[in-house]
Amino acid sequence: ADVPVICIDGPTASGKGTLAVATAYQLGYHYLDSGSLYRVTGLAMRRAGLEADAAHEAQIAELARQLPLRFIKGQVLLDDEDVSDAIRTEAAGMDASRVSALPAVRAALLALQKSFRRLPGLVADGRDMGTVVFPDARLKVYLTANASQRAERRHKQLISKGIPATLDSLRADLEARDQRDSSRSVAPLKPAPDARLLDNSSQSVEQSVEQVLAWWQEAQ
Ligand code: C5P
């Protein structure tokens, strides 16, 4: 069946999550935060005492395939433990980026991501939603914002959660993460050929949502 999908891809802290959640809410669609799957896999890897390298790739992929994961009311539960905060730290983001560069791990998470495609529709955010996971999506958006804007937003987000952070180290972290995400051999971060480019550096969330909904109208 043709279950509609809207893909929102882009670099770290570009506002994908906020935009995707708001768009899904407006349309009454399901929402997939694909980054959270890589973040949880990174956490499971740490807890198993493994390193994100080729020697442990098969073991980490096995962890990814069997994640005892549930999403309930905006919380991420791993084996019934609420790990929502634990997966949001910068260190967890780096671990996610490292495990996500392992091809076997990406393959292990593919079916799980596709399973979120249910009626009435799905808004999915990540790095390869439009290029790999949902290549037939009716609307693909590639969201960007300049690096200082992104660092500032991430800074505000962390401080509001009581997680200490400095602007300079955040900016360095997100540039390092983007660099790794863009240069990996499988599913690198890049716009799908048929993606609409949206730069939200000087846009409010409302303006971005309006733009996406207008494109969605056009795509019908
Ligand atoms: O989006 P978020 O920052 O939560 O993603 C964490 C990391 O997971 C990213 O830096 C990226 O390496 C990886 N990721 C990915 N493919 C996706 C979503 C996230 O490789 N679709």
* Can you tell me the FRET efficiency between residue 148 and residue 219 if r is taken as the Cβ-Cβ distance and R0 is 30 Å, rounded to the nearest 0.05? => 0.40
* Structure fact -> Plugging the Cβ-Cβ distance of residue 80 and residue 51 into 1/(1 + (r/R0)^6) at R0 = 35 Å yields, to the nearest 0.05, a FRET efficiency of 0.85
* Which far-off residues, 5 or more places away or on another chain, put their amide H under 5 Å from the one on residue 8, with H placed in the peptide plane? -> 124, 125, 126, 141
* Accessible area per residue in Å² at 1.4 Å probe, computed on region 92-220 -> 49 Å²
* **Those lysines that a straight Cα-Cα span of less than 21 Å connects to residue 161, excepting residues fewer than 8 apart in one chain** => 16, 73
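Using the Cα gyration tensor of region 74-190, with a ≥ b ≥ c the square roots of its eigenvalues, what is the shape: rounded (a/c below 1.5), prolate (a/b larger than b/c) or oblate (neither)?
prolate
Inverting the mean 1/r over all pairs of different Cα atoms, compute the Kirkwood radius of the chain and quote it in Å.
Result for the chain, one decimal place: 17.6 Å.
Pick out, in residue order, every one of the trypsin sites (Lys or Arg not before Pro) in region 59-125 that is DSSP loop and has at most 12 other C-beta atoms within 10 Å; say none if there are none.
Numbers: sites: 65, 70, 73, 88, 98, 106, 114, 117, 118; in loops: 73, 117, 118.
Filter output for region 59-125: 73, 118.
Sum -39500 (n - 2.57) across every DSSP H segment of at least 4 residues in the chain, then divide by the residue count to get the 222 nm mean residue ellipticity, nearest 500.
Calculated from helices alone, the mean residue ellipticity at 222 nm is -15000 deg cm²/dmol.
For the chain, what is the charge dipole size about the Cα centre, in debye to the nearest 20, if Lys and Arg each add +1 at the Cβ and Asp and Glu each add -1 at the Cβ? Mind showing how you got there, number by number?
On the way: 27 positive and 28 negative charges, 22 e Å.
About 100 debye.
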* Cross-link partners among aspartates and glutamates for residue 156, C-alpha distance below 17 Å, same-chain residues fewer than 8 apart left out? -> 85, 90, 168, 173
* Asked: At a 1.4 Å probe radius, carbon and sulfur cover how many percent of the accessible area of region 1-148?
  -> 54 percent
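On full extension of the chain, what length is gained from residue 89 through residue 114, given 0.36 nm per residue of separation minus the C-alpha to C-alpha distance? Walk me through the numbers on the way to the answer.
Details: separation 25, 0.36 × 25 = 9.00 nm, distance 2.61 nm.
Between residue 89 and residue 114, full extension yields 6.4 nm more.
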* **Distant-in-sequence amide H partners of residue 144 (H built 1.01 Å from N, under 5 Å)** => 198, 199, 200
* Structure fact -> Rounded to whole angstrom, the alpha-carbon centroid of region 175-209 lies from that of region 1-73 at a distance of 16 Å
* To do: Determine the per residue accessible area of region 1-87 with all protein chains present and a 1.4 angstrom probe, expressed in square angstrom.
  => 47 Å²
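The values are calculated or read from the model by the stated rules, or taken from the named source; none is laboratory data. Keep in mind it's a predicted model, so treat the numbers as computed, not measured. Methodologically, a virtual Cβ is constructed for each residue, glycine included, from the backbone with ideal geometry; neighbour enumeration extends over all protein chains shown. Remember, those area values only see protein heavy atoms, side chains included, never the ligands or the DNA or RNA. Shrake-Rupley method; radii C 1.70, N 1.55, O 1.52, S 1.80 Å.
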